[in-house]
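The values are calculated or read from the model by the stated rules, or taken from the named source; none is laboratory data. Since the structure is predicted, the reported quantities are computational estimates derived from the model, not experimental observations. Side chains are part of the model used for accessible areas, which takes the heavy atoms of the whole protein and leaves out ligands, DNA and RNA. Shrake-Rupley method; radii C 1.70, N 1.55, O 1.52, S 1.80 Å.
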Amino acid sequence: MPPPTVQDNPFIIVGAGIFGLSLAYELAANRKYGNVVVLDRYAPPVPDGSSVDVSRIIRADYADSFYGSLAVDAMKEWRNNPDWSSHFYDSGFLMLSSSRSHPYISQCRSQPVEVFEASEAEAKVRTLYPGVQAQLNGMTAVHNIQGGWADARAAVQGLAERCRQAGVVFLTGTAGTVASLIKNGSRVVGVETVTGNRLLADTVVLATGAWTNLVLPDFNLSLLATGQPVGFIQLTPQEAARLGSMPVMINFDTGVFCFPPTPGSHMLKLARHGFGFATRVQTAENHVVSSPNLGGDNSVSGYLPEDAETALRDGVKLFFPEFAHRAWARLRMCWYTDTPRGDFVVDYHPSIEGLFLATGGSGHAFKFAPVLGRHIADCLQDKAPLALRNKWRARLPDQNLTEYLEGDGSRGGPPMRVVTQQEQARL
């Protein structure tokens, strides 16, 4: 499919997450598209998107050489570009496993990392980071001093503001909530919002994250929305100070990871990078897909399934035994857009003209924010190398996606499960 060539023609991006915003900025600021419109249910930072709240891991440790190289490029921006470095905390990054030969960690050892064997890990980690409380006996630790975390909400706010300064127009609320695609034969020519407003464009980009299958329920593009549990514990300033010298840590046995206390709010955050929880949502066309709710903010219910909350609590006991029984200040689901092996989907739809997809973040896209828009735009304009196009192409599943979701090897914990109707009603 030929890429769009008339840069002043209307160009619609549905979704104000990290895929949509990074593409919008690249097109408007660097490639001089003069009529870029971004639609979303909420103004960015979208409260129930996957790239918001207080923190996201920034690391270059990848078993996959492509993402490792991309992460190195992004890390340079996080460290040196004031647009990004003001939101980056260079805390260090620690990967833990009870298995010395965990395949993902073993492949990450090609990075400039230190490996602490099980007999020495606890002593060495606590020497480097006096704030660490974690009980690490019997665990191998892989340490990268060049990792850390970013204030995701502030980074997204900054990117959205740069988009506005570059001329990007935002439509939010009901005016930005897309109900359907407008088609002319096999070609998408625009979108219709829930208010009935019809917006026409040469090209429509779906950067709709976990909601993608609600928009395209009749054409499964190997995408599955999964909820991943997140919990927050409120600390006092004195408690936060005791933990201040600690890295981001992830336990590959369970998938649970944690951050240093958030400056200012003194909030302790834990989450699980696992296989998650799927919902069952029936669309108007009688398709059944996994998706968060479309009509409200999915971050406010405060509910997690019992096994999800237990997993986080076990993480608190490992990482922060001092607060093993401290009540949660907040719980939420973070909604991933999973693909079978963690590759993004950045490609034209295989059978619908005029429709481009930029989604499938699989829980690891945010760290690439400083460089992601350039690569998405190259795919859009058919300028990307063939290897990149193949890596991110839209693939059709050859069986039920939920039966072969593997990820990239970095996840831990139990297999994905479908929530019960009672659980889903409380999410």
(request) Under a cut-off of 20 Å between alpha-carbon atoms, report the lysines in cross-link reach of LYS383, not counting same-chain residues fewer than 8 places apart. (result) LYS32, LYS391
(request) Report, in deg cm²/dmol and to the nearest 500, the calculated mean residue ellipticity at 222 nm for the chain, where each DSSP H run with n ≥ 4 adds -39500 (n - 2.57) and the sum is divided by the residue count. (result) -7000 deg cm²/dmol
(message) Apply the Karplus curve 6.51 cos²θ - 1.76 cosθ + 1.60, θ = phi - 60°, to the phi angles in the stretch 30-35 and return the couplings in whole Hz, x for Gly and Pro.
(response) 10, 10, 6, 6, x, 9
(message) Taking Cα extents along the principal axes in Å straight from the coordinates, which label in (i) 74, 46, 38; (ii) 65, 47, 42; (iii) 79, 79, 40 is the correct one?
(response) (ii)
(request) With a probe of 1.4 Å, find how much accessible area the chain has per residue, and write the answer as a whole number in Å². (result) 39
(request) For each pair in LYS269/LYS317; LYS317/LYS367; LYS76/LYS269, compute the distance between the two Cα atoms and list the pairs where it is over 19 Å. (result) LYS317/LYS367; LYS76/LYS269
(message) What is the percent carbon and sulfur in the accessible area of the stretch 5-68, measuring with a 1.4 Å probe over the protein chains and ignoring ligands?
(response) 52
(request) Round to the nearest 10 and give me the degree value, 0 to 90, for the angle of helix 65-80's Cα axis relative to the longest principal axis of the chain. (result) 80
(request) Find the centroid of the Cα atoms in the stretch 331-386 and in the stretch 277-325, then give the distance between the two in whole Å. (result) 23
(request) Please determine, in degrees from 0 to 90 and to the nearest 10, the orientation of helix 152-165 with respect to the longest principal axis defined by the Cα atoms of the chain, where the helix direction is its Cα long axis. (result) 30
(request) Rank THR203, THR177, THR236 by mean-square fluctuation in a GNM of the chain with C-alpha springs under 10 angstrom and give only the top-ranked residue. (result) THR236
(message) So, taking all protein chains as they sit and a 1.4 Å probe, how much accessible area belongs to TYR33, in Å² rounded to tens?
(response) 10
